[in-house]
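Below: one structure, written as structure tokens.
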Amino acid sequence: MQLRGFADVQFRASNERDVPSTFSIGQMDFFITSRLASDLALVSEVVFEADDQNHYSLDVERLLLQFSPSDYFDIGVGRYHTGIGFYNNAYHHGAWFQTALGRPRLFAFEDDEGILPVHGVGITARGRIPSGKLGLRWIAEVGNGRRYGDPEAVQVVVDDSNYKAVNVGFLLRPERVPGLQSGLSVYHDKPASPSGRVNQSIIAAHVVYQNGVFEQLNEVVFIRNTPIGEAATSTTTGIYTQLSRRFGRLSPYVRYEHLDAPQDDRLFGTLGRISGPSIGVRYDFRDLAALKVQWDRVTTRRGATVAVDGFTAQVAFTF
Amino acid sequence: MSASSTHARGAVNVLCTAVLLLLVSLSPQAAPPAPLPPPPSAPPLQASPARDHDAIPLVFVVNRKNPVATLSVADVRMMLLGERSHWPDGARVTVVMRDPDEPERDAVIRLVCKMDDRSYTRMVLRAVFTAELQSAPKLLGTPAGVMRFIYNVPGAIGYVRASEVDDSVKIVRLSDAPAGAAFGFTLQMR
């Protein structure tokens, strides 16, 4: 068994009314792996984190028993990060891995007011497709969907419906351009909410390039919600782009995000339009520890327009 | 240079070393020679594509029972980064890396993975973290240790200097090695 930890400490100040500047401890993430056999492994993430009331709780964020008999078929059962888009599967609960300070708003965790089903409980499978130098890969998942309007959005023990969430996708990693990945995924579920169930389809596309020095991430997600028994469909659009280049131990970065939810959306109607840039720099002052400082402006349009400037400094490390 | 002549040269090296050791051990005043101190201004090794005749060839080696005789640079890169985890016969790939700061490791990471050591370490950690890789590469400090490990683990792959190869492992030819290289890549004194 191997144990690795991730944690971060940060300070945030902003011009948001009635929100004081704050030091905070981020998630303390224990990543445990164990090789049970040559083709069987356990992957788990146990996270301690505090809520807005400074109360600590423990979450088993990932628990996956993974069977990998070949490069063409790999299957896991348990709790996992869904294969929607790129960011959710590339970055989990360790802030140290991410170039920027935090996740794009689009991929926020469910308990952080995230709108996507970031976690799944069920079966996740993936593998390569014989495609020569194209590097085609597939992913397929089935599991409990998420709930909306419930503090426990991830249905870990009891699913409230016989209908299971399904996600399928394809990735392209061409050998001629190492570090380039593009992908498309389609997710479907019928999640429950305080105002009833909806038919939900999530279409995500991405083109990313990462080569250890240069990084460009681009993703767009369309969330189509149709209340069951009604004809009207609303589409929430989320998009972000991130650019970074490393100069020695310094990695300046810039990110722009945009999230637009129609007012008549049964699940996200109160979100409005949220957009804005984040500009920051990451300094890897040690190989396993990084200091990040970031300025961001978040403009929210819900009837009135409110813009909040924030400054955040974070030390993220692994141990 | 063909695989058979490299094997032959390796075997001759081993044989000469064995004879020398035997003569030394039979000598009444046999004692291991004191190690020579490094030259005061030894230039650091720098990894670069193969160019000069006095470059130091690196070779990739696998278990002798591994049926694979040829790999592309892309194949090796995918193995080092965890994107390919099985050999064609189904055996699991086990990557053996040298310790950080070893010039051979620096050469392989720069020339095969096209990145520096810090980026490589982070990408491997992330591959383990995202469950794309079931375990990080095995770290070993000496070429003898690398070859001993590969001898014992059927799916292992590692790299050593061509002059260090012995008969316990098999050299894999890189199908798209740069022109002029013995196999794969070379280290070159700065």
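The values are calculated or read from the model by the stated rules, or taken from the named source; none is laboratory data. All figures in this text were calculated on a predicted structure; none of them were measured in a lab. Neighbour counts run over all protein chains shown; Cβ positions are idealised from the backbone, glycine included.
Observations on the model:
- Complete set of residues in the range A:144-176 that are of a type in the set (D, E) and surrounded by 14 or more Cβ atoms within 10 Å (Cβ to Cβ): A:D150, A:D159, A:E175
- Check on A:G179, surrounded by 21 or more Cβ atoms within 10 Å (Cβ to Cβ) and not polar (S, T, N, Q): no
- Cβ-Cβ contacts under 8 Å between residues 6 or more apart (or on different chains), taken from a first residue in the range A:296-319 that is at positive phi to a second residue that is at pLDDT below 95, are listed as A:G303/A:G272.
- Of all residues assigned to the range A:241-256, none qualifies as being within 30 Å of B:D176 (Cα to Cα), away from every other protein chain (no Cβ under 14 Å) and among the polar types (S, T, N, Q).
- Residues that are assigned to a helix (DSSP H, G or I) and touching a His at 6+ places or on another chain (Cβ under 8 Å) occur at least once in the range A:110-130.
- Considering the range A:21-33, the residues that are assigned to a loop (DSSP other than H, G, I, E, B) and polar (S, T, N, Q) include one that is farthest from the other protein chains (Cβ to nearest Cβ), namely A:S21.
- Looking only at residues in the range A:40-91 that are within 11 Å of chain B (Cβ to nearest Cβ) and polar (S, T, N, Q), the one that is surrounded by the fewest Cβ atoms within 10 Å (Cβ to Cβ) is A:S70.
- Filtering the range B:102-116 to residues that are in a helix (DSSP H, G or I) and either within 9 Å of chain A (Cβ to nearest Cβ) or out of contact with any helix residue (DSSP H, G or I) (no Cβ under 6 Å at 6 or more places or on another chain) (or both) leaves B:P103, B:E104, B:R105, B:D106, B:A107, B:V108, B:R110, B:L111.
- Selection within the range B:122-134 - facing another protein chain (nearest Cβ under 7 Å), touching a helix residue (DSSP H, G or I) at 6+ places or on another chain (Cβ under 9 Å) and farther than 15 Å from A:R126 by Cβ: B:R126, B:F129
- The lone criterion from (1) within 27 Å of A:R4 (Cα to Cα); (2) crowded, with 17+ Cβ neighbours inside 10 Å; (3) of a type in the set (A, V, I, L, M, F, W, C) left unmet by B:L174 is number (1).
- In the range A:87-108, the residues that are basic (K, R) and in contact (Cβ under 8 Å) with a residue 60 or more places away in the chain: A:R105
- Residue in the range A:147-168 that is within 23 Å of B:T130 (Cβ to Cβ) and within 14 Å of chain B (Cβ to nearest Cβ) present: no
- Within the range B:76-92, considering residues that are crowded, with 18+ Cβ neighbours inside 10 Å and more than 9 Å from chain A (Cβ to nearest Cβ), the one nearest to A:D71 (Cα to Cα): B:W87
- Residue in the range A:127-149 that is at pLDDT below 95 and acidic (D, E) present: no
- 2 or more residues of a type in the set (D, E, K, R): qualifying strands (runs of 3 or more DSSP E) within the range A:135-245: A:136-144, A:214-227
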